Every structure is written in structure tokens, then in C-alpha cells.
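Q: The structure's right below; bear with me while I get my questions together.
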Amino acid sequence: MPTGVGTIGVLPSSQFGRLKIEEEIRAAAAAKLAEFGIELLDLRLKRVNYNPDVLDRIYQRMISERRQIAQRFRSEGEGEAARIAGQKERDLNEIQSTAYRQVQQIRGQADAKATEIYAHAYTQNPQAAEFYAFLKSMETYRKVLTKDSTLVLSTDSDLFGLLKRAGTKPR
């Protein structure tokens, strides 16, 4: 006896999905209609009414299932977002390190070229070399000394001699 057939007024519990139930009803109905010469080709359930006592539980179960599906999608999305953010960080770090390396190479080449030019220019005569040493000393003093700096100088230091000569009036 198929699952859908039972005593009148008593519905058996369903262990199958809607398609299985439709197929069982179609098979049972087709056998009964065949005695009248009617062939039943298809059957579809238009609406299923539930017992009002269980309707709320059914809705809560449906809501729970949909929330689980939505949470799974959110989790997958968050995982993909984290993967993309990690890849972005790796790419950004790679780009920055490559750029930094290139900057340092260019600076090194420029410094080498500048040193070569200075060396060539200041080795042409002794006054040029002395002037270059003076410029470098002034540059160093400018970087090291601030307006709040206190300096204790020896009388035989180069800076003391320079300051002493700067303080005298030319004749």
C-alpha cells in the first residue's frame, strides 16, 4: 500500500519530498481512473496546508534554515574578503619594496656620479680641494648645530679658528 493511501480522515506522516508524494498520488489516482477509461498523465500540488498547531514551528524552521544559509554565505564572503585583503597587502608590500630598492639604486648611482664629479673638479688644483673640505665642514656644522646647541671648543679646533677669523675685521 503506497504511503499516500490510508483510512479516510487519517493522513500518514510523510517521509518523502513533494515530488515523491505527487508521484505516489498520481500512481494511486491513475489506477482508479483507468477503470473509467481516463489516463492521468501528470499531477501537481497547488497548495499544501499545514495544521495550524505546527505552522509556527514550520515557519521557525524555515527561518532558521535561511539564516544558516545566509550565515554560510556571509562566512564565505568574509573569508574571501580576508583572502583578497591579504593578497592586497602582499602585493602592496612587494610594490613598495621594489620601489624602495629602485630608489636606493638610483640614489647610489647618483651619489657615485656626484662624488666622481666632485673628485674630478676638486682635484684639479689644491685650492679647490681645500674649498671642498671647507664646504663639507660648513654643511656638517649646519646639520649638527641648532640654535639651542651649546658648544665647548678647544682653541686649536678648526671651527674655533674659523670663528676667530670670521670675527676679525678685514683691513
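The values are calculated or read from the model by the stated rules, or taken from the named source; none is laboratory data. Please read all numbers here as calculations on a predicted model, not as lab measurements. When we count neighbours, we look across all protein chains shown, and the Cβ atoms used for this are built from the backbone with ideal geometry, even at glycine.
Q: Consider Y141 against the criteria (1) part of a helix (DSSP H, G or I); (2) loosely packed, with under 12 Cβ neighbours inside 10 Å; (3) modelled with pLDDT of 80 or more: it satisfies all of them except one. Which criterion is unmet?
A: The single condition Y141 does not satisfy is (2).
Q: Just checking, which of R83, R66 is over 26 Å from the mean Cα position of the chain (by Cα), in a helix (DSSP H, G or I), surrounded by 10 or more Cβ atoms within 10 Å (Cβ to Cβ) and free of Cβ contacts under 8 Å to residues at least 60 places away in the same chain?
A: R66
Q: What are the pairs, 6+ residues apart or on separate chains, where a residue within region 36-57 that is basic (K, R) has its Cβ under 9 Å from a residue that is surrounded by 10 or more Cβ atoms within 10 Å (Cβ to Cβ) and outside any loop (DSSP other than H, G, I, E, B)?
A: Qualifying pairs under 9 Å: R44/E22.
Q: Which one is farthest from the chain's Cα centre (by Cα), of the residues in region 17-63 that are surrounded by 10 or more Cβ atoms within 10 Å (Cβ to Cβ) and of a type in the set (K, R)?
A: Looking at the filtered set, the residue picked out is K32.
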